[in-house]
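Engineer: Right, I'll just put the structure down here and ask away after.
The values are calculated or read from the model by the stated rules, or taken from the named source; none is laboratory data. Everything quoted here is computed from the prediction, not taken from an experiment. Cβ placement follows ideal geometry from the backbone for every residue including glycine, while neighbour counts extend to all protein chains displayed.
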2 protein chains.
Amino acid sequence: MKYDVIVIGGGPAGVISAVTARKYYGDKKILLIKSIEKGVIPCGIPYMFTTLEKPEDNAMGNMPLEKNNIELKVDEVIGIDREKKQVQTKGKEILEYEKLILAMGSDPIMPPIDGIEKKGVYPIQKEMDYLKNLKTEIQKARDIVIIGGGFIGIEFADELSLLKDTNITVVEFLPEILDNSFDNEFSKLAREKIDEKGINIVTGKKVVKFNGGEKVESVSLSDNTEIPCQVVILGIGASPNAGIASKAGLDIGKSRGILVDEYLRTYSDTDIFAVGDCAEKKDFFTRKRIPIMLASTACAEARIAGANLFELKVVRENKGTIATYSTKIDSLTLGSAGLTEQTAIKEGFEIVVGNAEGVDKHPGVLPDANKVKVKLIFSKQSGILLGGQVAGGDSAGEIVNIIGLALQKTTTLTELETLQIATHPKLTAAPTMYPLITAAQDALSKYGK
Amino acid sequence: MKYDVIVIGGGPAGVISAVTARKYYGDKKILLIKSIEKGVIPCGIPYMFTTLEKPEDNAMGNMPLEKNNIELKVDEVIGIDREKKQVQTKGKEILEYEKLILAMGSDPIMPPIDGIEKKGVYPIQKEMDYLKNLKTEIQKARDIVIIGGGFIGIEFADELSLLKDTNITVVEFLPEILDNSFDNEFSKLAREKIDEKGINIVTGKKVVKFNGGEKVESVSLSDNTEIPCQVVILGIGASPNAGIASKAGLDIGKSRGILVDEYLRTYSDTDIFAVGDCAEKKDFFTRKRIPIMLASTACAEARIAGANLFELKVVRENKGTIATYSTKIDSLTLGSAGLTEQTAIKEGFEIVVGNAEGVDKHPGVLPDANKVKVKLIFSKQSGILLGGQVAGGDSAGEIVNIIGLALQKTTTLTELETLQIATHPKLTAAPTMYPLITAAQDALSKYGK
């Protein structure tokens, strides 16, 4: 069978690639092949255990594909023949493509720790039945250990702390949780919330062994302490799923992701594109590769790839990836975009930092007002925004997108300081004290010194 | 007495001008003169009647002035002698300035309607004691009529509808409420909410007479209907308070605001600046004067004026004002930035419009998810964003600021379509369906047609 476009992967990167391709190329014959029949929305996984009424509420449906006249095949691609422009599947099909989009995602990292193969140790797989089973096991467990204090680990911890009579422990080998995305004063806010909720946090220690018989019964840490557990969740990151790309001779980067150009074409073969977790990413400012694996990043890439399959429709400058995230821990929202202060310094930028604290309503005595804390990092000489972090109520989830847009549009300190904004008592900080503006002013005040 | 800087006006424009001046010019002697001793935060006024526990919670304090070593005088300026560089006050003081900032704000418009002088008819004054008295009268009233279905009128209506056993009627002479800032499909959402709350709305009719004895007892409308009322609130806009500027020979624009350049210097005298409601504004895109009177706009101007008093520190391009607002009606948030579709067409722009609907959490079945509706208006040939509107939950209050920044940074359809964003299940729409992106895509899909 011959297709104009074949997309491998049914996650957000694959689906959005296919849907975008359809938008731009109405007549093309498009096929999406996915290996997981019943997938889930990746970012919603932590909330399948208590917040959502039933795990099925987080199902990744096929509607966008059906609506856009995209053929769907549940099968696993096991090889790519670039010369013949064919893919072979486990189901023994040979399918021809004119353009191929690789959106195979990533696989959870399984560190070589003694006993990791025991029952009860769960990497996070994006598969409905697997996660439904995990939910059952979680409900039976009295003690749960989460390994990894990044976003996923912390979101799982927050969610599982809603279960009564379950002890939750997060083990993070870095000195702070959320250490890659936030400076310490922000990760401390997260830690305070986690502490309040009665979740145990162990930082600066590694898991060295999973103990028990067939089933895990406890984990041993690097300081010889032992934590009992019936369920272990591994939230320590993922590795690009680039095996078939590598086998097909496509260049793979040092992050193990597939090397791509600004249009998401693979370096080795311009008829093959790679998007999302399986593709290597470059940082917007440092130009170095960064291990960002986010559905939102994947979607942005997929939109560019889908548009540029047969013609370069969307001119893509060498912009790179802004690491931009948000998370919610209990009532606390944290967001980060671009470089943190610690990363900026490590990467050799001369910077000036602005901080602001305020409230997200005005006057601050209004019901449900939350504290808001903003930090902005600027390149000292050029005055260009390099990154920002925000902690606050729910609206911080969009404030971080203001910072993200400012980064993508190369915005200066002065532009932020004189920004025109919409403010409202029940929705935002006061116009006199809007935290993005006051943080820019704080940075400015440091220039004289 | 001689000052380096005199600021006339104690509202947000005045205070932020003075505070910014202090930031940039540490040694200067700065005086702020205000005629109202106990002012209020303007945007908080509607919420002084039920939401805030006590009216004093919305007081405009003097702390920012004290902290920044700015002298304060409660007095009324009655004249400016530009030759001698002096101002005269009602309290018979003569004060010399080197730089003068006019931040006198605006006065409520009092239309020449028969009976408007009656007791019980309240224009909105930004004065604590006046508003405390209004609160008492409101609490005693059984029937309240609000004239004007713009932001202020609608916010008052929403707030006063929380009072039990009070009939609220809003009278708007335009065919829709919020008609200046939103296209119909958005103002209709507002109207639905208002209807749900049991507030009466009368549109397309004018008030022609206030009836009663010394005190108002009813209003007569242009269709001869009569609405009983013990309190009338006038929310029909304000007029620049530029009397002393005009008397001093400063040029006044057709909007009756003081004419200023990009640095907020008056056209007539570069030692005199004018900011906020008393200064004329130009629209960002049409370059025409627009009657925008918002604290947030005033603050943005004040920051530019304060910085540029003695030296031009902040280079200011001829950007003009983005009309950007947000409001909340019950649980519905509405925001607008830039041109609406109707305004863009009226002004002669060739446009393409993109619409999107989604939810502000993902999956949409998460508790407290709100529908989000976004509309973006682009210049057809250049692809540049001209305006946007959003309706949704609380986070729409910051989504409109993403649109506002995109306008100020001249952002194209393609840039928005491939925007990198932070998304989170509990905080935003899904990365696959983020409404600013899907609205841009919708606009794009219309190009072929």
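Engineer: Just one of the numbered conditions (1) touching a Lys or Arg at 6+ places or on another chain (Cβ under 6 Å); (2) more than 8 Å from every other protein chain (Cβ to nearest Cβ) is not true of B:LYS426; which one?
Structural biologist: (2)
Engineer: Follow-up question, since we're still on this one. Residues of segment A:318-345 being outside any strand (DSSP E or B) and either on the phi < 0 side of the Ramachandran plot or basic (Lys, Arg) (or both), which ones? Spell out the reasoning first.
Structural biologist: Just the residues of segment A:318-345 that are outside any strand (DSSP E or B), to begin with: A:318-320, A:322-323, A:330-331, A:339-345.
Listed by number, the residues that qualify are A:ASN318, A:LYS319, A:ILE322, A:ALA323, A:SER331, A:LEU339, A:THR340, A:GLU341, A:GLN342, A:THR343, A:ALA344, A:ILE345.
Engineer: Going by what's in this entry, would B:LEU259 be described as under 24 Å from B:GLN88 (Cα atoms), crowded, with 19+ Cβ neighbours inside 10 Å, in contact with a Gly (Cβ under 6 Å, 6 or more places away or on another chain) and not acidic (Asp, Glu)? Steps first, please.
Structural biologist: On the way: under 24 Å from B:GLN88 (Cα atoms): yes; crowded, with 19+ Cβ neighbours inside 10 Å: yes; in contact with a Gly (Cβ under 6 Å, 6 or more places away or on another chain): yes; not acidic (Asp, Glu): yes.
The answer is yes for B:LEU259.
Engineer: Test A:GLY335 against the criterion of being away from chain B (no Cβ under 12 Å) and under 30 Å from A:GLU155 (Cα atoms), and give yes or no. Before you say what the answer is, go through the steps one by one.
Structural biologist: Values: away from chain B (no Cβ under 12 Å): no; under 30 Å from A:GLU155 (Cα atoms): yes.
Here the answer is no, as A:GLY335 does not meet what is asked.
Engineer: Confirm whether A:SER220 is assigned to a strand (DSSP E or B), within 21 Å of A:GLY10 (Cβ to Cβ) and more than 14 Å from chain B (Cβ to nearest Cβ). I'd like the intermediate steps shown before the answer.
Structural biologist: Values: assigned to a strand (DSSP E or B): yes; within 21 Å of A:GLY10 (Cβ to Cβ): no; more than 14 Å from chain B (Cβ to nearest Cβ): yes.
No.
Engineer: Right, something else. Residues A:ALA307, A:ALA323: which one is crowded, with 24+ Cβ neighbours inside 10 Å, out of contact with any Lys or Arg (no Cβ under 8 Å at 6 or more places or on another chain), within 10 Å of another protein chain (Cβ to nearest Cβ) and of a type in the set (A, V, I, L, M, F, W, C)? Working first, answer last.
Structural biologist: Numbers: A:ALA307 fails: out of contact with any Lys or Arg (no Cβ under 8 Å at 6 or more places or on another chain).
Answer to the check: A:ALA323.
Engineer: Here is a follow-up. So for segment A:88-101 (the condition being on the phi > 0 side of the Ramachandran plot, in the same structural domain as A:VAL260 (by TED's automatic domain parsing) and surrounded by fewer than 16 Cβ atoms within 10 Å (Cβ to Cβ)), does at least one residue qualify?
Structural biologist: In the first step, residues of segment A:88-101 are kept if they are on the phi > 0 side of the Ramachandran plot; the result is A:92.
Checking which are in the same structural domain as A:VAL260 (by TED's automatic domain parsing) leaves us with A:92.
Right, trim to surrounded by fewer than 16 Cβ atoms within 10 Å (Cβ to Cβ) and you get A:92.
Checked against the condition, which is being on the phi > 0 side of the Ramachandran plot, in the same structural domain as A:VAL260 (by TED's automatic domain parsing) and surrounded by fewer than 16 Cβ atoms within 10 Å (Cβ to Cβ), segment A:88-101 yields at least one hit.
Engineer: While we're looking at this one, here's another question. Taking the residues in segment B:396-414 that are within 21 Å of the chain's Cα centre (by Cα) and without any contact (Cβ under 8 Å) to a residue 60 or more places away in the chain as candidates, determine which candidate is surrounded by the most Cβ atoms within 10 Å (Cβ to Cβ). I'd like the intermediate steps shown before the answer.
Structural biologist: So in segment B:396-414, the residues within 21 Å of the chain's Cα centre (by Cα) come out as B:396-408.
With the extra rule that they be without any contact (Cβ under 8 Å) to a residue 60 or more places away in the chain, the set shrinks to B:398, B:402, B:405-406.
Numbers: B:GLU398: 29, B:ILE402: 26, B:LEU405: 26, B:ALA406: 27.
Here the residue is B:GLU398.
Engineer: Still on this structure, please answer the following. Can you report the number of residues in segment A:36-85 which are β-branched (Val, Ile, Thr), touching a strand residue (DSSP E or B) at 6+ places or on another chain (Cβ under 6 Å) and in a loop (DSSP other than H, G, I, E, B)?
Structural biologist: Adding up the residues that qualify gives 2.
Engineer: Being at pLDDT 95 or above, within 14 Å of chain A (Cβ to nearest Cβ) and more than 20 Å from the chain's Cα centre (by Cα) is the requirement here; does B:LEU65 meet it?
Structural biologist: Values: at pLDDT 95 or above: yes; within 14 Å of chain A (Cβ to nearest Cβ): yes; more than 20 Å from the chain's Cα centre (by Cα): yes.
Here the answer is yes, as B:LEU65 does meet what is asked.
Engineer: I want to confirm something. Restricting to segment A:1-60 and keeping residues that are polar (S, T, N, Q) and surrounded by 24 or more Cβ atoms within 10 Å (Cβ to Cβ), which single residue is nearest to A:LEU131 (Cα to Cα)?
Structural biologist: So the first thing to find is which residues in segment A:1-60 are polar (S, T, N, Q), and the list is A:17, A:20, A:35, A:50-51, A:58.
Next, from what is left, pick out any that are surrounded by 24 or more Cβ atoms within 10 Å (Cβ to Cβ): A:17, A:20, A:58.
Numbers: A:SER17: 26, A:THR20: 29, A:ASN58: 11 Å.
Per the criteria, the residue is A:ASN58.
Engineer: A further question on this structure: Scan A:LYS346, A:LYS313, A:LYS328 and give me the residue that is farther than 22 Å from B:HIS424 by Cβ and touching a residue at least 60 places away in the same chain (Cβ under 8 Å). Show your work before the answer.
Structural biologist: Values: A:LYS346 fails: touching a residue at least 60 places away in the same chain (Cβ under 8 Å); A:LYS328 fails: farther than 22 Å from B:HIS424 by Cβ.
Testing whether each residue is farther than 22 Å from B:HIS424 by Cβ and touching a residue at least 60 places away in the same chain (Cβ under 8 Å) leaves just A:LYS313.
Engineer: Can you work out which of the residues in segment A:424-449 that are part of a loop (DSSP other than H, G, I, E, B) and without any contact (Cβ under 8 Å) to a residue 12 or more places away in the chain is surrounded by the fewest Cβ atoms within 10 Å (Cβ to Cβ)?
Structural biologist: First, the residues of segment A:424-449 that are part of a loop (DSSP other than H, G, I, E, B): A:424-430, A:434, A:446-449.
Add one more test, that the residue is without any contact (Cβ under 8 Å) to a residue 12 or more places away in the chain, and what stays is A:424, A:448-449.
Working: A:HIS424: 26, A:GLY448: 7, A:LYS449: 5.
It comes out as A:LYS449.
Engineer: Does A:LEU100 satisfy the condition of being at pLDDT 95 or above and farther than 26 Å from A:THR327 by Cβ? Reasoning before the result, please.
Structural biologist: On the way: at pLDDT 95 or above: yes; farther than 26 Å from A:THR327 by Cβ: yes.
Here the answer is yes, as A:LEU100 does meet what is asked.
Engineer: Give B:GLY348, B:GLY364 a once-over and let me know the one that is more than 12 Å from chain A (Cβ to nearest Cβ), outside any strand (DSSP E or B) and surrounded by fewer than 20 Cβ atoms within 10 Å (Cβ to Cβ).
Structural biologist: On the way: B:GLY364 fails: more than 12 Å from chain A (Cβ to nearest Cβ).
None of the others qualify; the one that does is B:GLY348.
Engineer: Follow-up. Does segment B:204-225 contain at least one residue that is surrounded by 19 or more Cβ atoms within 10 Å (Cβ to Cβ), more than 21 Å from B:GLY44 (Cα to Cα) and under 24 Å from the mean Cα position of the chain (by Cα)?
Structural biologist: yes
Engineer: Just to be sure before I move on: is B:VAL15 hydrophobic (A, V, I, L, M, F, W, C), within 14 Å of another protein chain (Cβ to nearest Cβ) and touching a residue at least 12 places away in the same chain (Cβ under 8 Å) in the structure I sent? Walk me through how you get there before you give the answer.
Structural biologist: Details: hydrophobic (A, V, I, L, M, F, W, C): yes; within 14 Å of another protein chain (Cβ to nearest Cβ): yes; touching a residue at least 12 places away in the same chain (Cβ under 8 Å): yes.
Against the criterion (hydrophobic (A, V, I, L, M, F, W, C), within 14 Å of another protein chain (Cβ to nearest Cβ) and touching a residue at least 12 places away in the same chain (Cβ under 8 Å)), B:VAL15 qualifies.
Engineer: All but one of (1) touching a strand residue (DSSP E or B) at 6+ places or on another chain (Cβ under 7 Å); (2) at pLDDT below 95; (3) surrounded by fewer than 18 Cβ atoms within 10 Å (Cβ to Cβ) hold for A:PRO111; state the number of the condition that does not hold.
Structural biologist: It fails just one condition, (1).
Engineer: Turning to a different aspect of this structure: Mind listing just one residue for me: the one in segment A:117-153 that is of a type in the set (Val, Ile, Thr) and either touching a Pro at 6+ places or on another chain (Cβ under 9 Å) or not assigned by TED's automatic domain parsing to the domain that holds A:LYS193 (or both) and, of those, surrounded by the fewest Cβ atoms within 10 Å (Cβ to Cβ)? It would help to see each step written out before you state the result.
Structural biologist: Just the residues of segment A:117-153 that are of a type in the set (Val, Ile, Thr), to begin with: A:121, A:124, A:136, A:138, A:144-147, A:152.
In the following step, the residues that additionally are either touching a Pro at 6+ places or on another chain (Cβ under 9 Å) or not assigned by TED's automatic domain parsing to the domain that holds A:LYS193 (or both) were identified as A:124, A:145, A:147, A:152.
Numbers: A:ILE124: 21, A:VAL145: 28, A:ILE147: 25, A:ILE152: 23.
Looking at the filtered set, the residue picked out is A:ILE124.
Engineer: Can you pull out the residues in segment A:367-389 that are more than 20 Å from the chain's Cα centre (by Cα), surrounded by 24 or more Cβ atoms within 10 Å (Cβ to Cβ) and within 13 Å of chain B (Cβ to nearest Cβ)? Write out each step before concluding.
Structural biologist: As a first pass, look at segment A:367-389 and keep what is more than 20 Å from the chain's Cα centre (by Cα): A:367-385.
If we keep only those that are surrounded by 24 or more Cβ atoms within 10 Å (Cβ to Cβ) too, we end up with A:372, A:374-378, A:385.
Within segment A:367-389, A:VAL372, A:VAL374, A:LEU385 meet the criteria.
Engineer: Anything in segment B:38-55 that is of a type in the set (D, E, K, R) and at pLDDT 95 or above? List them, or say none. Steps first, please.
Structural biologist: Filtering segment B:38-55 down to residues of a type in the set (D, E, K, R) leaves B:38, B:53-54.
Across segment B:38-55, the qualifying residue is only B:LYS38.
Engineer: Step by step: first the residues of segment B:157-172, then only those that are in a loop (DSSP other than H, G, I, E, B) and in contact (Cβ under 8 Å) with a residue 40 or more places away in the chain, then the one that is surrounded by the most Cβ atoms within 10 Å (Cβ to Cβ). Which residue is that? Let's see the steps before the verdict.
Structural biologist: Of the residues in segment B:157-172, the ones in a loop (DSSP other than H, G, I, E, B) are B:161-166.
Next cut, in contact (Cβ under 8 Å) with a residue 40 or more places away in the chain only: B:162-163.
Values: B:LEU162: 13, B:LEU163: 16.
Applying the filter and picking the extreme gives B:LEU163.
Engineer: Can you tell me how many residues in segment A:337-383 are under 30 Å from B:GLU56 (Cα atoms) and of a type in the set (Lys, Arg)?
Structural biologist: Within segment A:337-383, the subset under 30 Å from B:GLU56 (Cα atoms) is A:355-374.
Next, only the ones that are of a type in the set (Lys, Arg) stay: A:361, A:371, A:373.
Number satisfying all stated conditions: 3.
Engineer: Considering each residue of segment A:1-35, count those that are outside any helix (DSSP H, G or I), of a type in the set (A, V, I, L, M, F, W, C) and at pLDDT 95 or above, and give that number.
Structural biologist: Filtering segment A:1-35 for residues outside any helix (DSSP H, G or I) gives A:1-11, A:25-35.
From the residues that got through so far, the ones that are of a type in the set (A, V, I, L, M, F, W, C) too are A:1, A:5-8, A:30-33.
Okay, now just the ones that are also at pLDDT 95 or above, so A:5-8, A:30-33.
Adding up the residues that qualify gives 8.
Engineer: Okay, next question. Which residue pairs have Cβ atoms closer than 7 Å, lie 6 or more positions apart in sequence or on different chains, and pair a first residue in segment B:181-201 that is touching a residue at least 60 places away in the same chain (Cβ under 8 Å) with a second residue that is assigned to a loop (DSSP other than H, G, I, E, B) and surrounded by fewer than 16 Cβ atoms within 10 Å (Cβ to Cβ)?
Structural biologist: From residues that are touching a residue at least 60 places away in the same chain (Cβ under 8 Å), the pairs are B:LYS193/B:ASP330; B:LYS197/B:ASP330.
Engineer: Which of the following residues is assigned by TED's automatic domain parsing to the domain that holds B:THR20, at pLDDT below 95 and out of contact with any helix residue (DSSP H, G or I) (no Cβ under 9 Å at 6 or more places or on another chain): B:SER255, B:SER246, B:SER296? Walk me through it before giving the result.
Structural biologist: Working: B:SER246 fails: at pLDDT below 95; B:SER296 fails: out of contact with any helix residue (DSSP H, G or I) (no Cβ under 9 Å at 6 or more places or on another chain).
The match here is B:SER255.
Engineer: Another question, if that's okay. Could you please find all residues in segment A:390-423 being part of a helix (DSSP H, G or I) and more than 7 Å from chain B (Cβ to nearest Cβ)? Give the derivation first.
Structural biologist: Initial filter on segment A:390-423 (part of a helix (DSSP H, G or I)): A:396-408, A:413-417.
Listed by number, the residues that qualify are A:ALA396, A:ILE403, A:LEU407, A:LEU413, A:GLU415, A:LEU416.
Engineer: Could you list, in sequence order, the residues of segment B:175-187 that are surrounded by 15 or more Cβ atoms within 10 Å (Cβ to Cβ) and not aromatic (Phe, Trp, Tyr)? Don't jump to the end; show me each part of the working.
Structural biologist: Quick first cut of segment B:175-187, residues surrounded by 15 or more Cβ atoms within 10 Å (Cβ to Cβ) only: B:176-184, B:186-187.
B:GLU176, B:ILE177, B:LEU178, B:ASP179, B:ASN180, B:SER181, B:ASP183, B:ASN184, B:SER187, listed by residue number.
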